[in-house]
Amino acid sequence: MLKKFITASVLALALTSCSLTLPVNATSNSVGSKTGTSTATGYLGVLFFDADASIKTAAKNAGITKISTVDIKQKNILGLIVTFETIVTGE
């Protein structure tokens, strides 16, 4: 019985992750055809190397000068690897 419990616990822990997408901002501008993203990945929740998930970088990556919407997507894998992605749409 203990072996099954440990196996089930390990499998549940291995399959645990969380992905969440939230709207941050919207303007009265019409939704544009361009979509830009910027990403930052961290390890152990504190170690981020060369990470820039800013709205400015996401807009620059797609050549957007007039922002319509901003969304943020966060993905967390066992609390060890965290990825933040900023998604910007506009013209």
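The values are calculated or read from the model by the stated rules, or taken from the named source; none is laboratory data. Only a predicted model underlies this, so the values are computations on that prediction, with no experimental measurement involved. For neighbour counting, all protein chains shown are included, and Cβ atoms are generated from backbone atoms with ideal geometry for every residue, glycine included.
Residue by residue, here is whether (1) touching a strand residue (DSSP E or B) at 6+ places or on another chain (Cβ under 7 Å); (2) of a type in the set (Val, Ile, Thr) holds:
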{"position": "Lys3", "(1), (2)": "no, no"}
{"position": "Leu11", "(1), (2)": "no, no"}
{"position": "Val24", "(1), (2)": "yes, yes"}
{"position": "Gly32", "(1), (2)": "yes, no"}
{"position": "Val46", "(1), (2)": "no, yes"}
{"position": "Ile55", "(1), (2)": "yes, yes"}
{"position": "Lys75", "(1), (2)": "yes, no"}
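Here Lys56 meets each of (1) among the basic types (Lys, Arg); (2) surrounded by 15 or more Cβ atoms within 10 Å (Cβ to Cβ); (3) without any contact (Cβ under 8 Å) to a residue 12 or more places away in the chain with one exception, condition (2). Val31 satisfies every condition listed in (1) touching a residue at least 24 places away in the same chain (Cβ under 8 Å); (2) under 16 Å from Thr86 (Cβ atoms); (3) surrounded by 12 or more Cβ atoms within 10 Å (Cβ to Cβ) except (2). Listed by position, the strands (runs of 3 or more DSSP E) contained in region 12-91 that have at least 3 residues being modelled with pLDDT under 80 and under 16 Å from the mean Cα position of the chain (by Cα) are 17-26.
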